[in-house]
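The values are calculated or read from the model by the stated rules, or taken from the named source; none is laboratory data. If you're wondering where the values come from, they're calculated on a predicted model, not measured in any experiment. Please note: Cβ atoms are built from the backbone with ideal geometry, for glycine as well, and neighbour counts cover all protein chains shown.
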Amino acid sequence: MQLIHKDLLGIQQLTVDEINLILDTAETMKMVLQANSKRTAHLQGKSIVTLFYENSTRTRLSFEMASKFMSAASANIATSSSSVNKGESLVDTARTIDMMATDILIMRHGESGAPHLIAPRVKASVINAGDGMNEHPTQALLDFFTMRQKKGGIKGLRVAIIGDVLHSRVARSNLWGLIKLGAEVRLAAPPTMMPVGLAEMGAVVCPSVRDAVQGADVIMALRIQLERMRTAMFPSISEYARFFALDDDAIRSAKPDAIIMHPGPCNHGVEMPTHIYDSSQSVINEQVTNGVAVRMAIMYLLQARRNVG
Ligand code: CP
């Protein structure tokens, strides 16, 4: 079994078998991470470039670390000091990178669909590291991996997703995948931050955090995406936190062994207080480690597909 497409653009395009293949491969990669020597030869002689038009700590660094652990030659383009600032287009930038014998191009862009524009125009495999409000597939895959490790599987889980659903590419990728994998997804957000059409996708739209979290196996809080809001969508941060921050009361209504997730970076005191972020139920730090294993798996599988042709 191998991945169907040259590129990884979204969870929407992946089959259940492909998602499971990535998660199974990530189990092996996590063992590599836990070993004394983290070096493998899986990407020896291959070249990886990260092209990020938006800020990132976790995604960019984990791809760069994953590339190094698998012996690839890796480079990063800082758009702030590249010819993008001389007006070079996204397509010309990507084609220039492609012509330097790049095997995998990892890109993050503020506009939804940017990696979909590039993928058919380059020979390299394109990985979507987040495109606008559309998808963040590698984040969702590391979330699925974390849920699977903690809960033994995803089918039948009740997953509550809380916060800025409207602007969240993490929420959208999780929704596509969790519903495909047979989880029940319950959403809570301020009415101005809940897009229409999610019930038609199979999610349960709840009137409050408490309703969404009731009986949950997994609670995922989302970051408020202030950078994507053209106008204020709630009266104040403190008012948002009063109604939509996770609190001890809400968590008590979930299953006693529920896990708490957040894609990061977290606004402490807004999406959840620090004591919940640091609690024994929180798996937020493990999500970060799992992100490296999952990104190793994705690059390995894309490269294996390239080798077959
Ligand atoms: N979760 C996530 O995408 O984090 P970064 O923005 O730090 O990459």
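Here is how the numbers come out for the structure above:
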| item | result |
| --- | --- |
| Pairs with Cβ under 9 Å, 6+ apart, first in the stretch 265-290 and free of Cβ contacts under 8 Å to residues at least 24 places away in the same chain, second surrounded by fewer than 16 Cβ atoms within 10 Å (Cβ to Cβ) and part of a helix (DSSP H, G or I) | His268/Thr274; His275/Asp248 |
| Filter result (over 22 Å from Pro195 (Cβ atoms) and either free of Cβ contacts under 8 Å to residues at least 40 places away in the same chain or within 16 Å of the ligand (Cβ to nearest atom) (or both)) within the stretch 142-153 | Leu142, Phe145, Thr146, Met147, Gly152, Gly153 |
| Filtered residues of the stretch 257-309 (kept if part of a loop (DSSP other than H, G, I, E, B) and within 15 Å of the ligand (Cβ to nearest atom)) | His262, Pro263, Gly264, Pro265, Cys266, Asn267, Glu271, Val283 |
| Matching residues, the stretch 229-256, being part of a helix (DSSP H, G or I), at pLDDT 95 or above and surrounded by fewer than 17 Cβ atoms within 10 Å (Cβ to Cβ) | Asp248, Asp249, Arg252 |
| Conditions (1) more than 24 Å from Leu14 (Cα to Cα); (2) not in a helix (DSSP H, G or I); number of the one not met by Ala160 | (1) |
| Residues within the stretch 57-87 that are among the acidic types (Asp, Glu) and modelled with pLDDT under 95, tallied | 0 |
| Count of residues meeting criterion [part of a helix (DSSP H, G or I) and buried (at least 16 other Cβ atoms within 10 Å of the Cβ)] in the stretch 13-32 | 11 |
| Residue check, Ser208 more than 21 Å from Lys255 (Cβ to Cβ), of a type in the set (S, T, N, Q) and not assigned by TED's automatic domain parsing to the domain that holds Arg60 | no |
| Residue under evaluation Thr96, criteria (1) among the polar types (S, T, N, Q); (2) touching a helix residue (DSSP H, G or I) at 6+ places or on another chain (Cβ under 9 Å); (3) over 27 Å from Gln44 (Cβ atoms), criterion not met | (3) |
| Of all residues making up the stretch 267-309, the number that are under 29 Å from Ser67 (Cα atoms) and of a type in the set (Asp, Glu) | 1 |
| Residue tally, condition among the aliphatic types (A, V, I, L, M) and surrounded by fewer than 15 Cβ atoms within 10 Å (Cβ to Cβ), over the stretch 96-137 | 3 |
| Test for Ile260: is it closer than 21 Å to Thr57 by Cα, in contact (Cβ under 8 Å) with a residue 40 or more places away in the chain and under 24 Å from the mean Cα position of the chain (by Cα) | yes |
| Residue satisfying all of: in the stretch 50-88; within 15 Å of Ala293 (Cα to Cα) and among the polar types (S, T, N, Q); farthest from the ligand (Cβ to nearest atom) among these | Ser71 |
| The stretch 138-153, residues that are under 18 Å from Arg186 (Cβ atoms) and buried (at least 24 other Cβ atoms within 10 Å of the Cβ) | Ala140, Asp143, Phe144, Met147 |
| Matching residues in the stretch 57-74 - criterion: being within 13 Å of the chain's Cα centre (by Cα) and assigned to a helix (DSSP H, G or I) | Arg58, Thr59, Arg60, Ser62, Phe63 |
| Failed item, numbered, when Ala221 is tested on (1) touching a His at 6+ places or on another chain (Cβ under 6 Å); (2) on the phi > 0 side of the Ramachandran plot | (2) |
